[in-house]
Amino acid sequence: FDGSAKDAGSEVAGTNGGFIYFKNTSASDYDVYIGIEADGASATELQGNADAQRLFTLKQGEFAFFPYDFSGDIMIDSENSSATLEYFLFSRT
């Protein structure tokens, strides 16, 4: 998710934003990694144990629901290209 694209360039933490729902719907036991980067930064691989950008891992069938201020970019990576992720973005604006 590109945060600045979601709020038309007015990144005011706590003012704009919304909520994100993620669920790892992979048919096999693949992990999905969720991380955050500064707006416009290049995507990084999130699988490494010491990756500072990784926030959490979703195992098969796990889900997360959390607030998002649109003040950074949410990055998604997986251990296998066959992994699937269901998502919904609920915007305040």
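Seen from ILE34, the other residues with C-beta closer than 9 Å to its C-beta sum to a net charge of 0, counting Lys and Arg as +1 and Asp and Glu as -1. For SER28 and PHE65, the difference between the fully extended length at 0.36 nm per residue and the C-alpha to C-alpha distance is 11.1 nm.
Taking 7 Å steps out from each Cα toward its Cβ at SER81 and GLU45 produces label points 1.4 nm apart. All other residues whose Cβ lies under 13 angstrom from that of SER82 are scored, Lys and Arg at +1 and Asp and Glu at -1, for a net of -3.
Only the coordinates and a few stated rules stand behind these numbers; no lab work does. Quantities reported herein were computed from a predicted structural model and do not represent experimental measurements. Quick reminder, even Gly has a Cβ in these numbers, built from the backbone with ideal geometry, and neighbours come from all protein chains shown.
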